[in-house]
Amino acid sequence: MTVEVKVPDIGDFAEVPVVTVLVSVGDVIAVEDPIVELESDKATMEVPSSSAGKVVDIKVSEGDMVSEGSLLLIVEADGAAEAPVEAAPAAAAPAAAAPAAPAAQAAPAPAVTDAGFGKAHASPSVRAFARQLDIELSKVNGTGRKGRILREDITAFLKSSTAAAPAAGGAVQGGMGIPPIPTVDFSKFGPVEDVEMPRIKKISGPALHRSWLNVPHVTHNDEADITDLDKYRKEMDTMAKENGYRVTLLSFVIKASVSALKEHWEFNSSIHPDGDKLIKKSFYNIGFAADTPNGLMVPVIKDADRKGLVDISKELMELSAKARAGELKGPDMSGATFTISSLGGIGGTSFTPIVNAPEVAILGLTRSKMAPVWNGEEFVPRLMQPLSLSYDHRAVDGALAARFCVTLKTLLGDMRKLMW
């Protein structure tokens, strides 16, 4: 009996490119064996097979765009029951369900209907950028690996063409009019070597570039007195280690951030596509930057407002381990309403984290330090935690950012308020 293997529920993405086909016709695969690799704006992840058996037909190739429900393989089943596959990586908009039919009559994966887009090798973010500027990708020469079209290629095309139309709806045309960085032959000055960038950096780069060009960033810096909190944290951590997990400062900052977001809801919002409204969110999903061997990844703690310090600490540890092992799935990294980037374990005094649009704010943490603080009578040593809050000035003004940081430092300075 032949069985169709399709793209499962893979998160809030649509039209995701196939970057690698991991099996060949004739291969014998088991349930959960990876069969293709998909690439979203956030990560490259593997799709596991929902059936075991022998691969008799492959319906996709590298560069094809797929969505949830797209047909990937035909497998000659070995008699094992077909297993459901949990959300893996990348596409959100469900494909229209095809009527039941023999595998041999299965329709091919849905093709992109936009003229000039179907065969172009480009990421979803680059495709969206091209659509925004009314540019056919088939006319653009790709300079990325295997001819992949990069955002920089779109910008270069704009400079050499007068046919680009204005973006619809007055949307920000990030990157237009910006002179390119000059090309330099560094080998004239000494030995050089081209080192391949990790794939996660290639994927996240365009998203960071888009945010930097489209979001008017402002960073507000402040400090919180965490002397008492750190003593309590160390006591909790001692008990936690006996139960197999750790309690870090980040757990407390997440808890305090949720309380501050409830008081200052603008920081938990997004700008409406029409630019005239803010989308007020009544849920609190906190993303946190995780440093991994393959680059920076941002797992998300869902419904953080409903979790205590112990639950948050355990989930932080679990998601960080999955990130380092390269096992994060699409749902693990989607849905954030606010993000925290902590460099405390490395160093620094302050920095400007880039807002993860469509979020409107991100909190940066650097290494805490002992400092003399005047208590009204004398200087006393206190452990101070630097706070760097970057925000979208279209949604948040400076006074509100200052109030948010005052609320946050008040919460971190008095542990009792975190228990409310």
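The values are calculated or read from the model by the stated rules, or taken from the named source; none is laboratory data. Predicted, not measured: the structure shown is a model, and the values here were computed from it. As a convention, Cβ positions derive from the backbone with ideal geometry for all residues, glycine included, and neighbour counts pool all protein chains shown.
Residues checked against (1) closer than 17 Å to Ala207 by Cβ; (2) of a type outside the set (Lys, Arg):
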{"position": "Arg306", "(1), (2)": "no, no"}
{"position": "Glu327", "(1), (2)": "no, yes"}
{"position": "Met333", "(1), (2)": "yes, yes"}
{"position": "Thr339", "(1), (2)": "yes, yes"}
{"position": "Gly347", "(1), (2)": "no, yes"}
{"position": "Ile362", "(1), (2)": "yes, yes"}
Flag if Gly335 is touching a residue at least 24 places away in the same chain (Cβ under 8 Å), surrounded by fewer than 18 Cβ atoms within 10 Å (Cβ to Cβ), under 16 Å from the mean Cα position of the chain (by Cα) and closer than 30 Å to Val47 by Cβ: yes
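Any residue in segment 283-303 that is among the charged types (D, E, K, R), more than 18 Å from the chain's Cα centre (by Cα) and assigned by the TED database to the domain that holds Ala395? Steps first, please.
Here is the first cut: in segment 283-303, the residues among the charged types (D, E, K, R) are 291, 302-303.
This time we only want the ones that are more than 18 Å from the chain's Cα centre (by Cα), so: none.
Looking through segment 283-303, none of the residues is among the charged types (D, E, K, R), more than 18 Å from the chain's Cα centre (by Cα) and assigned by the TED database to the domain that holds Ala395.
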Some residue of segment 378-385 being under 31 Å from the mean Cα position of the chain (by Cα) and not aromatic (Phe, Trp, Tyr): yes
Which numbered condition Asn268 fails, given (1) of a type in the set (S, T, N, Q); (2) surrounded by fewer than 17 Cβ atoms within 10 Å (Cβ to Cβ); (3) touching an Asp or Glu at 6+ places or on another chain (Cβ under 9 Å): (2)
Among (1) within 21 Å of Gly205 (Cβ to Cβ); (2) outside any loop (DSSP other than H, G, I, E, B); (3) in contact with a Leu (Cβ under 7 Å, 6 or more places away or on another chain), the one test that Lys322 misses: (1)
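Taking the stated definitions as given, is Ile226 modelled with pLDDT under 95 and among the aliphatic types (A, V, I, L, M)? Please lay out each step first, then the result.
Details: modelled with pLDDT under 95: no; among the aliphatic types (A, V, I, L, M): yes.
In short, no.
When you scan segment 366-392, how many residues do you find that are surrounded by 14 or more Cβ atoms within 10 Å (Cβ to Cβ) and not polar (S, T, N, Q)?
The first filter runs over segment 366-392 and keeps only residues surrounded by 14 or more Cβ atoms within 10 Å (Cβ to Cβ), leaving 366-368, 373, 382-392.
Checking the rest, the ones that are also not polar (S, T, N, Q) come to 367, 373, 382-384, 386-387, 389, 391-392.
Total meeting the criteria: 10.
Which of the following residues is assigned to a helix (DSSP H, G or I) and at pLDDT 95 or above: Asp305, Asp332?
Details: Asp332 fails: at pLDDT 95 or above.
Going through Asp305, Asp332 in turn, just one is assigned to a helix (DSSP H, G or I) and at pLDDT 95 or above: Asp305.
Got a sec? Which of Arg394, Arg403, Arg367 is of a type in the set (Lys, Arg) and in contact with a strand residue (DSSP E or B) (Cβ under 7 Å, 6 or more places away or on another chain)? Steps first, answer last, please.
Working: Arg403 fails: in contact with a strand residue (DSSP E or B) (Cβ under 7 Å, 6 or more places away or on another chain); Arg367 fails: in contact with a strand residue (DSSP E or B) (Cβ under 7 Å, 6 or more places away or on another chain).
Of the residues listed, the single one that is of a type in the set (Lys, Arg) and in contact with a strand residue (DSSP E or B) (Cβ under 7 Å, 6 or more places away or on another chain) is Arg394.
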Conditions (1) in a loop (DSSP other than H, G, I, E, B); (2) in contact with a strand residue (DSSP E or B) (Cβ under 7 Å, 6 or more places away or on another chain); number of the one not met by Glu266: (1)
Considering residues of segment 199-245 that are surrounded by fewer than 14 Cβ atoms within 10 Å (Cβ to Cβ) and under 30 Å from Phe129 (Cβ atoms) only, the residue farthest from the chain's Cα centre (by Cα): Pro216
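Please go through segment 147-193 and give me each residue that is modelled with pLDDT under 70, among the β-branched types (Val, Ile, Thr) and surrounded by 12 or more Cβ atoms within 10 Å (Cβ to Cβ), ordered by number.
Start the filter on segment 147-193 by keeping residues that are modelled with pLDDT under 70, which leaves 159, 161-177.
Still in the running and among the β-branched types (Val, Ile, Thr): 162, 172.
Matches in segment 147-193: Val172 only.
Please pick out the residue among Phe288, Phe252, Phe283 that is among the aromatic types (Phe, Trp, Tyr), modelled with pLDDT of 95 or more and surrounded by fewer than 22 Cβ atoms within 10 Å (Cβ to Cβ). Full working, then the answer.
On the way: Phe288 fails: surrounded by fewer than 22 Cβ atoms within 10 Å (Cβ to Cβ); Phe252 fails: surrounded by fewer than 22 Cβ atoms within 10 Å (Cβ to Cβ).
Phe283 is the lone residue from the list that is among the aromatic types (Phe, Trp, Tyr), modelled with pLDDT of 95 or more and surrounded by fewer than 22 Cβ atoms within 10 Å (Cβ to Cβ).
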Every residue from segment 44-75 that is at positive phi and touching a helix residue (DSSP H, G or I) at 6+ places or on another chain (Cβ under 7 Å): none
